[in-house]
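Asker: Sharing a structure here in structure tokens format.
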Amino acid sequence: MVASREALLENFAKPEGYIGEFLGDYMLHENYELNVWAAKVINAQKHDHILEIGFGPGIAIQELSKLVPDGRVVGIDYSDLMVVKAKKLNAEAIQKGQVKLLSGSVENLSLSLGEEQFDKIVAVNTAMYWKDTIQTMSKILGHLKPGGTLSIILHRADQSVRDGSCQDEIKWYSDNLYYAGFGSVYVQSQTLPRTKREFISSRKTVQEILWGYDGGEYDLAGICITATKSSTPHLYDATKLYLNVDNRFGIARSITLT
């Protein structure tokens, strides 16, 4: 495959065509453990009504459907290619009515969801593509039940979590969640296993084009930034956020921002 760095980055946001097929294979392998962890870390309950925004190949959808046997999982993705792939992976759960997958944009959630509300909403490795972050978070807030949570999942080098170099990014998302109207923010991280992250040709090619090297083996971590829909207004306190997100993050692995 011959593709520019710009073409790959654009296709990560909305996979389509031949490059999209290629990236779908890449994401299926490279993000497998992240999606499995994401389904577990949001603390899904068996009766929960859950929405995933930007489900890609559908791995987290599949895992979530196992965790909510008495609930329902809805997914929305604006890549028609990913919708097709995810429907194939989740065909049995869709047939049972436990999973519903929709084509649509996060910026226009109400067009696809109407006034539907959820106990939990999760976005795995997709929040960086939201065009107007605060406005989008505010729209997501409207689709949460009181006390519901939005979990933003990120995939980063484990070393960046341990040495604290990812703190600015975590702080940025936390700030935006507060500005969008969310309440308390809770951050978790976990070093991920490598059971499915095989050194496949697509991974080697993608990383050579994007970063100028073949990737090799390295440790990855999942970061989960969870914000709650509060029934009472909150006061934005940037100083308190800064004090909580300090160099201990890489050691403590868990922090509550209130």
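Asker: If you go through the range 54-67, how many residues are of a type outside the set (Lys, Arg) and out of contact with any Gly (no Cβ under 8 Å at 6 or more places or on another chain)?
Answerer: 8
Asker: From the list 213, 218, 179, exactly one residue is within 16 Å of residue 34 (Cβ to Cβ) and either at pLDDT 95 or above or more than 15 Å from the chain's Cα centre (by Cα) (or both). Which is it? Even if it seems obvious, please write down each step before you answer.
Answerer: Numbers: 213 fails: within 16 Å of residue 34 (Cβ to Cβ); 179 fails: within 16 Å of residue 34 (Cβ to Cβ).
Exactly one residue qualifies, and that residue is 218.
Asker: Do we have any residue at all in the range 109-129 that's within 18 Å of residue 179 (Cβ to Cβ), touching a Ser or Thr at 6+ places or on another chain (Cβ under 7 Å) and either touching a residue at least 12 places away in the same chain (Cβ under 8 Å) or not aliphatic (A, V, I, L, M) (or both)?
Answerer: no
Asker: Taking the residues in the range 182-210 that are within 20 Å of residue 161 (Cβ to Cβ) and in a loop (DSSP other than H, G, I, E, B) as candidates, determine which candidate is modelled with the lowest pLDDT.
Answerer: Step by step, filter the range 182-210, then rank; the result is 197.
Asker: With of a type in the set (D, E, K, R), modelled with pLDDT under 90 and farther than 14 Å from residue 56 by Cα as the only criterion, which of 115, 92, 107 stands out? Even if it seems obvious, please write down each step before you answer.
Answerer: Working: 115 fails: modelled with pLDDT under 90; 92 fails: modelled with pLDDT under 90.
After applying the criteria, what remains is 107.
Asker: Now for a separate question. Quick one: in the range 118-132, of everything that is modelled with pLDDT of 95 or more and either among the polar types (S, T, N, Q) or touching a His at 6+ places or on another chain (Cβ under 7 Å) (or both), which residue is farthest from residue 149 (Cα to Cα)?
Answerer: Among them, the one singled out is 118.
Asker: Now for a separate question. Using the structure shown, decide if residue 152 is of a type in the set (A, V, I, L, M, F, W, C) and crowded, with 20+ Cβ neighbours inside 10 Å.
Answerer: Here the answer is yes, as residue 152 does meet what is asked.
Asker: Still on this structure, please answer the following. From the list 58, 71, which residue is surrounded by fewer than 21 Cβ atoms within 10 Å (Cβ to Cβ) and out of contact with any Phe, Trp or Tyr (no Cβ under 8 Å at 6 or more places or on another chain)?
Answerer: One residue alone meets the criteria, 71.
The values are calculated or read from the model by the stated rules, or taken from the named source; none is laboratory data. Everything quoted here is computed from the prediction, not taken from an experiment. Glycine gets a Cβ as well: all are built from the backbone with ideal geometry, and neighbour counts include every protein chain shown.
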